[in-house]
Every structure is written in C-alpha cells, then in structure tokens.
Amino acid sequence: MIDFTIPAELAVERDRVRQFVIDKIVPFERDPRLTSHGPTDELRQELVELARAEKLLTVQAPEALGGRGLTHIEQAVIYEAAGWSTLGPVAMNCAAPDEGNMFLLSKIANPDQVEHHLAPAVAGHRRTVFAMTEPDGAGSDPGQLATAATFDGENFTINGRKWLITGANGAKTWIIMAKVAPNPYLPEGPTLFLTDGDQPGIVIERTMNTMDRNYVGGHGVVRFDDLVLPKSALLGETGQALRYAQLRLAPARLTHCMRWLGAAERSQSIAVDYAKTRTAFGKTIGEHQGVSFMLADNEIALHQCRLTIWHACWLMDNGDKARHESSVAKAFVSEELFKVADRCVQVLGGIGISDETVVEMIFRDMRAFRLYDGPTEVHKYAIGRKVLRGS
C-alpha cells in the first residue's frame with residue numbers, strides 16, 4: 001500500500017523542530033562566529049547545547065547510544081525541518097560529515113571504538129572527519145586512492161595528502177582511507193583507519209577558501225607524514241574500505257537532500273513574502289506572470305524533490321540498499337533545488353544578491369551541494385549504466 005500520511009506524532013515533532021530552528025537558531029545567522037570557513041567550534045558548541053536542552057540532539061542515533069533510532073523516512077521529515085537554517089543541522093548534530101560518519105561507525109566500529117569515538121560524537125562532544133579525497137588521487141573515483149599504508153606486523157605507517165576534508169580543523173575523530181601495501185600479515189587494498197585527531201603525523205596545511213560556509217571548520221588540506229597507527233586503529237577489515245564507504249554513501253546522499261530541501265523551502269518562503277509586498281508597474285510583482293511562474297516552478301520542484309527523497313527512504317526502510325534510487329535522488333534533487341534557489345534570487349532582485357536575506361548564502365551553499373557525495377555527472381553515469389543493463 002502507498003501511504004503518504006505523516007503520522008501525527010511525527011508531524012508534531014517536525015513542527016517542534018522547525019519552531020526551534022526559527023526561534024533559537026536563526027538569530028545566530030548574523031553571529032560573527034559564522035565565518036567564511038563555516039561556524040566556529042565555539043558557535044557549534046553553543047548551538048549544540050540549545051538542541052540538547054530541547055532534547056533534539058542527535059535524534060537519528062541508535063537508541064542504545066541515546067538517540068531515537070529514526071527510520072530513514074522519519075529522518076527525511078525531521079531533517080527537512082532542521083534545514084530551515086543551515087545552522088539547524090549543526091545544532092542538532094545531524095550535519096555532514098558527522099551524521100554520515102556516525103552512521104558508518106554504528107555499523108562497523110568495534111565496542112572499544114564505539115566507546116571512544118562514536119558515543120562522544122553522538123553526545124556532541126567531538127566532531128569527526130572522513131579523509132578520502134585527494135588532489136591527485138581519490139575523489140569521484142575512489143579507486144585512484146594514492147595515500148599509502150605500510151604494515152610491519154604491529155603498526156601501520158600512513159603517508160599521503162588529502163584535500164577538501166570537511167571539518168578537519170579541530171576534529172577529534174578521524175576516519176582515514178589509505179591503501180594498505182602488500183605485506184605478509186594482512187590483506188592489501190583500500191582500508192579505513194580510525195584515530196584521534198591529535199596524533200603526530202596528521203598535519204593540517206591550511207583551510208581552503210570555498211564558496212560555501214555551512215560546515216564547521218571549513219574544508220582542509222591535510223598531509224599524513226609518517227602517521228603511525230596500531231593495528232587496533234583498523235576500522236573493519238583491511239581491503240574493505242570501498243565496500244564500507246558504500247554503507248555510508250547511499251544514506252548520506254539522501255540526508256544532504258533532506259537538509260537542503262529545508263533550506264530551499266526557506267528561500268521560497270522569503271521570495272513569496274517579497275512577491276506579495278514589492279510593487280512594480282502598478283501591482284505587486286507576484287501578480288506579474290513572470291514572477292508567479294517562477295514561484296510555481298519552485299513549488300513543483302519542492303514537491304517532486306520531497307517525493308523522490310521519500311521513495312528512496314521508503315526502499316531503505318524496507319531493506320533495499322537503494323543505491324540506484326539514492327543516486328537518482330542526489331542527481332535530481334541537487335540540480336532542482338539549485339534552480340529553486342536561483343529563481344528565488346531572481347524574484348528578490350537586487351536584495352537577492354545581497355546579505356539582506358539568507359537567500360544569497362543558501363544559493364552559494366546550494367551550488368556546492370551539487371558536488372557533495374559525488375557530482376551529478378558521476379551519479380548520472382551510474383544511473384545510465386544501470387539503464388543500459390536493463391536491471
């Protein structure tokens with residue numbers, strides 16, 4: 001049976017989250033601690049405490065760790081509400097990359113790793129990073145992984161360079177992808193390692209200047225310079241990093257879509273209010289067909305995006321990996337929501353390109369969203385291959 005009804009209890013919680021974001025979080029959008037490299041960790045901690053006080057912190061986490069164990073559909077409803085402000089997910093500890101990293105750790109971390117890394121992350125006490133992307137290696141094609149790990153029977157020594165590592169500055173937990181070299185002790189190949197961020201050998205060279213500013217700590221350029229880690233730092237098994245990454249990627253693609261859907265709704269709301277009051281040529285601009293059509297296109301896109309997200313979530317909640325559907329969702333939603341933000345800028349006219357409203361920031365951040373967790377072209381390539389296979 002197909003049922004699009006949001007249960008009453010979930011609808012109440014959605015409205016509570018949205019009101020929390022409007023009342024408590026939106027005022028921080030003018031805080032100087034929201035820098036060109038994203039919120040500072042001091043601002044993050046202040047926002048986290050606000051969410052903690054409302055019992056809205058890390059609601060997606062497993063119940064055993066203090067969360068509510070939300071289904072994917074429930075996450076879609078709540079994250080959309082949280083995304084009304086780009087700081088909403090930061091406050092509720094469901095922003096990238098932490099949300100995806102916590103999901104991955106909940107699936108493959110051993111009990112000691114859960115206690116040391118995952119539980120404090122769920123509690124909002126430590127941030128996490130996923131260090132995969134490289135300037136001359138892994139990116140859209142993780143098979144080009146160049147960062148190397150040698151193993152002498154007791155310790156791994158990791159060397160390599162990464163960039164666009166979101167949240168690297170100040171993160172206390174690091175998930176590092178490196179290729180284990182042939183050795184007589186363990187299988188070789190792409191492998192995940194889990195370690196504290198203050199280890200000698202993790203060198204943050206700089207924070208990159210990027211167009212988006214919604215992630216704590218920005219995006220770093222990192223060098224691993226003879227980083228020595230014990231065998232206990234293995235996250236899962238050697239040679240299995242690409243398989244583990246797939247566990248994280250499908251849900252993470254969708255949670256990006258959920259959060260940005262909320263931001264796009266906010267932009268539409270601001271544009272609609274403006275169109276009702278701004279006048280030109282004897283009537284409000286909303287009465288002009290050119291503007292009303294743009295707002296109508298936005299409404300259509302928002303509805304289509306929501307249904308696309310919900311469908312992929314429904315599949316995952318019913319045991320399907322939904323890799324194809326999550327790729328469809330990421331490609332479609334990221335492109336459509338960017339168009340929504342662009343049309344909102346156009347409706348707002350001159351103030352749309354200023355910081356008089358939050359739409360300008362959402363527009364810039366939305367452009368970056370089209371690249372997160374794989375650019376549209378990579379997803380279309382995977383979708384096309386499946387279409388041609390006929391299955």
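A few comments on the model shown:
- Region 121-141, subset surrounded by fewer than 20 Cβ atoms within 10 Å (Cβ to Cβ) and in contact with a strand residue (DSSP E or B) (Cβ under 7 Å, 6 or more places away or on another chain), residue farthest from residue 61 (Cα to Cα): 135
- Applying the criterion of being touching a Leu at 6+ places or on another chain (Cβ under 9 Å) and part of a loop (DSSP other than H, G, I, E, B) to the residues of region 1-31, the residue that is surrounded by the fewest Cβ atoms within 10 Å (Cβ to Cβ) is 4.
- Against the numbered list (1) within 17 Å of residue 75 (Cα to Cα); (2) surrounded by fewer than 22 Cβ atoms within 10 Å (Cβ to Cβ), residue 262 comes up short only at (2).
- Summed over region 105-134, residues that are over 22 Å from residue 44 (Cα atoms) and not acidic (Asp, Glu) total 10.
- So residue 356, is it without any contact (Cβ under 8 Å) to a residue 24 or more places away in the chain and either in contact with an Asp or Glu (Cβ under 8 Å, 6 or more places away or on another chain) or of a type outside the set (A, V, I, L, M, F, W, C) (or both): yes
- Test for residue 206: is it in contact with a His (Cβ under 9 Å, 6 or more places away or on another chain), within 27 Å of residue 96 (Cβ to Cβ) and of a type in the set (Lys, Arg): no
- Of note, residue 297 satisfies the criterion of being surrounded by fewer than 16 Cβ atoms within 10 Å (Cβ to Cβ) and either touching a Lys or Arg at 6+ places or on another chain (Cβ under 8 Å) or farther than 17 Å from residue 346 by Cβ (or both).
- Among the residues listed as 91, 96, 61, 81, the single one being of a type in the set (Gly, Ala, Ser), in contact (Cβ under 8 Å) with a residue 60 or more places away in the chain and touching a strand residue (DSSP E or B) at 6+ places or on another chain (Cβ under 8 Å): 96
- Hey, residue 264 at pLDDT 95 or above and more than 18 Å from residue 317 (Cβ to Cβ) or not: yes
- Of the residues making up region 210-244, just one is crowded, with 20+ Cβ neighbours inside 10 Å, out of contact with any strand residue (DSSP E or B) (no Cβ under 6 Å at 6 or more places or on another chain) and hydrophobic (A, V, I, L, M, F, W, C), namely 234.
- Lone qualifier among 304, 346, 289 - being in contact (Cβ under 8 Å) with a residue 40 or more places away in the chain, farther than 17 Å from residue 249 by Cα, exposed (fewer than 15 other Cβ atoms within 10 Å of the Cβ) and of a type in the set (S, T, N, Q): 346
- Residue within region 210-219 that is at pLDDT 95 or above and in a strand (DSSP E or B) present: yes
A quick yes/no check of all residues on (1) of a type in the set (A, V, I, L, M, F, W, C); (2) under 24 Å from residue 358 (Cβ atoms); (3) in contact with a Cys (Cβ under 8 Å, 6 or more places away or on another chain):
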position: 201; (1), (2), (3): no, no, no
position: 204; (1), (2), (3): yes, no, no
position: 209; (1), (2), (3): no, yes, no
position: 222; (1), (2), (3): yes, no, no
position: 225; (1), (2), (3): no, no, no
position: 236; (1), (2), (3): no, no, no
position: 241; (1), (2), (3): yes, no, no
position: 251; (1), (2), (3): no, no, no
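- Counting the residues of region 61-120 that are within 27 Å of residue 7 (Cα to Cα), charged (D, E, K, R) and surrounded by 19 or more Cβ atoms within 10 Å (Cβ to Cβ) gives 3.
- Residue check for residue 315: more than 27 Å from residue 296 (Cα to Cα) and modelled with pLDDT of 95 or more: yes
- Selected residue (criterion: farthest from residue 236 (Cα to Cα)) from residues of region 89-116 that are touching a Phe, Trp or Tyr at 6+ places or on another chain (Cβ under 9 Å) and of a type outside the set (A, V, I, L, M, F, W, C): 89
- The set of residues in region 166-204 being farther than 25 Å from residue 106 by Cβ and among the β-branched types (Val, Ile, Thr) consists of 203, 204.
The values are calculated or read from the model by the stated rules, or taken from the named source; none is laboratory data. From a predicted model like this one, the values you see are computed outputs, not experimental measurements. Positions of Cβ are backbone-derived with ideal geometry, glycine not excepted, and every protein chain shown enters the neighbour counts.
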